[in-house]
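First up is the structure itself, then whatever we jot down about it.
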Amino acid sequence: MGECNLDHSLEDVLKKLEDQKAYLPADLAEAMQAFLQQQSVDQATLNHAFHLLKKYDLATKEEQDERNESIKKMLKL
């Protein structure tokens, strides 16, 4: 999963979450939605969240599991 130098807005991340919601475990999708809407999220976290969600549906099961763990760490679950 390559990183890019673009800054992603909260709206970008929320849209990407909505696009990938059907592929994420429901509890993680809900927790991420709540996290993004209730927190003052810094730019680095927004960028990290965007890249964890980007092409999630196309990732292998192992890659999805790794991303799920990263999401849990980010959300402190």
Tyr56 vs. criteria of a type outside the set (D, E, K, R) and open to solvent by 70 Å² or more (accessible area, probe 1.4 Å): no
Looking only at segment 1-43, which residues are over 17 Å from Arg67 (Cβ atoms) and hydrophobic (A, V, I, L, M, F, W, C)? Leu6, Leu10, Leu14, Ala34, Val41
With (1) under 10 Å from the mean Cα position of the chain (by Cα); (2) at pLDDT below 95; (3) open to solvent by 80 Å² or more (accessible area, probe 1.4 Å) as the list, and Lys76 as the residue in question, which single condition is left unmet? (1)
Among what's in segment 1-23 and is touching a Phe, Trp or Tyr at 6+ places or on another chain (Cβ under 8 Å) and open to solvent by 50 Å² or more (accessible area, probe 1.4 Å), pick the residue that is modelled with the lowest pLDDT. Asp12
Since Leu36 meets every condition but one in (1) over 10 Å from the mean Cα position of the chain (by Cα); (2) without any contact (Cβ under 8 Å) to a residue 40 or more places away in the chain, which condition does it not meet? (1)
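The values are calculated or read from the model by the stated rules, or taken from the named source; none is laboratory data. All values reported here derive from a predicted model rather than from experimental measurement. For neighbour counting, all protein chains shown are included, and Cβ atoms are generated from backbone atoms with ideal geometry for every residue, glycine included. For the accessible areas, the whole protein counts, side chains as well, though only heavy atoms, and no ligand, DNA or RNA atoms are used. Shrake-Rupley method; radii C 1.70, N 1.55, O 1.52, S 1.80 Å.
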